[in-house]
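Enquirer: Here it is: the structure, laid out below.
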C-alpha cells in the first residue's frame, strides 16, 4: 500500500501545472524557455509583422468570422511564421484601428488565434507624441519624454495612455513579448537620441514596466529592449533600463541599397554589419543572462533574388538568436514588403531558406 502522505508523480505534475507560478511554470516562464530552447538549438524562429491580418494583395475584411488562416508566408512555404508581430500605435488615443489601419478587434483575434496554434506574439508600439500631438516620428521637441515623466505636464494624460495599452494587452490573455520604446538610439522617434537624456529614457521604460507589472499585475510579458543595431556597445548600454525590467536584448537593422551600389555590394555590407552588431549584442546578452533576437530586419521590396539564402542566412549564422522578424507586407503599397508572397519572382529563394532547416516555423 502506498504511503498516503506521499503524492504520486502524476499528482505532483497536476499540482505543478495548476499552481504554475510556484513551480516556475507560468505562461511567461514557458515562453521564456521556448525562446531559450530556440536560441540554444541554433534554429531561431522566423517572424513576420502583421502576417495574419493582411498580405501583399489581400486584407481581412470580416473582422468577426474570418478564420485568419491566410498568410503570405504560408502561401509560399506551407507553414506560418512561428513569431507574429502586431502594432499598438493608436491604442493610446482610443482609436479603433492601429496606425497601419488594422482594427484592434482584428489584432486581438489574430494574436489569440496565433498563440492558440502554438505561435509566439510580439507587440510593438509607436504612440503619438504626447506633447505636440504629432506622430511618433514628430521630433520637433526635446521635451516630450520629460513631459510625461512624474511631475511633467503630460504625465496624467500619458498614464491614461498606458492604461489603454495595458487594457488591450490584458484582454489578450496570452503570454507575449512587448517591445516598447524601440530604436531609441536613433533620432527619428520622440523618445530617441537627442530627444531625451539617457536617464529620462530609462525612467520612461521603467515607468512603463512598473505600471504594467506592478500596478496592473500583467505578469506574462517578456520585455524586450531593442535599440538600432548600429548604436555600438557603449550607446546600447547607455540607455539600458536594467536587468530587472528587461528579458530580451533585441536589435533592429535593415538592409538598404544605396544609389550607385550593386545588389551584391549592398548584400555583403549588410552581412558584415549584422555580424558586427550581433557579436556585441549577443555577448552583452550572455553577460546579463538575457535572450538575443533580431527584432526587426529586412530589405524593402526584396530586389536581391537571393536575399534569404545568400544575405540573411550567412548574416545570422552561428549566433544564439531566439527569433528573427522581418517587417510587414503592406496590401496598399505594392513595393512595401519584406516577406515572401505567392507569385513573387524570387519566392523560391525563401522556400530554399526554409527547407534548409536553419529556421523554425509553426
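The values are calculated or read from the model by the stated rules, or taken from the named source; none is laboratory data. In this text, all values refer to a predicted model and were calculated from it rather than measured experimentally. With ideal geometry, Cβ positions are generated from the backbone for all residues, glycine too; neighbour counts draw on all protein chains shown.
Enquirer: Check 267, 301, 339, 229 and return the single one that is under 28 Å from residue 79 (Cβ atoms) and surrounded by fewer than 20 Cβ atoms within 10 Å (Cβ to Cβ).
Expert: Being under 28 Å from residue 79 (Cβ atoms) and surrounded by fewer than 20 Cβ atoms within 10 Å (Cβ to Cβ) holds for just one of 267, 301, 339, 229, which is 301.
Enquirer: Only one of these is in contact with a strand residue (DSSP E or B) (Cβ under 9 Å, 6 or more places away or on another chain) and under 20 Å from residue 80 (Cα atoms): 347, 296, 300. Name it.
Expert: Of 347, 296, 300, the one residue that is in contact with a strand residue (DSSP E or B) (Cβ under 9 Å, 6 or more places away or on another chain) and under 20 Å from residue 80 (Cα atoms) is 296.
Enquirer: Name the residue, out of 330, 315, that is buried (at least 18 other Cβ atoms within 10 Å of the Cβ), closer than 15 Å to residue 46 by Cβ, modelled with pLDDT of 95 or more and in contact with a strand residue (DSSP E or B) (Cβ under 9 Å, 6 or more places away or on another chain).
Expert: On inspection, the qualifying residue turns out to be 315.
Enquirer: For segment 192-230: of the residues being touching a helix residue (DSSP H, G or I) at 6+ places or on another chain (Cβ under 6 Å) and assigned to a helix (DSSP H, G or I), which is farthest from residue 165 (Cα to Cα)?
Expert: This residue is 229.
Enquirer: Now, a different point. Checking the condition closer than 30 Å to residue 355 by Cβ and either under 19 Å from the mean Cα position of the chain (by Cα) or assigned to a loop (DSSP other than H, G, I, E, B) (or both), which residue from 114, 126 passes?
Expert: Result of the check over 114, 126: 114.
Enquirer: Take segment 340-354 and flag every residue that is assigned to a helix (DSSP H, G or I) and touching a residue at least 24 places away in the same chain (Cβ under 8 Å).
Expert: 347, 349, 350, 351, 352, 353, 354, listed by residue number.
Enquirer: Please work out if residue 293 is assigned to a helix (DSSP H, G or I) and surrounded by 18 or more Cβ atoms within 10 Å (Cβ to Cβ).
Expert: The answer is no for residue 293.
Enquirer: I would also like to ask the following. Filtering segment 277-290 down to residues that are on the phi < 0 side of the Ramachandran plot and assigned to a loop (DSSP other than H, G, I, E, B), which residue is surrounded by the fewest Cβ atoms within 10 Å (Cβ to Cβ)?
Expert: 288
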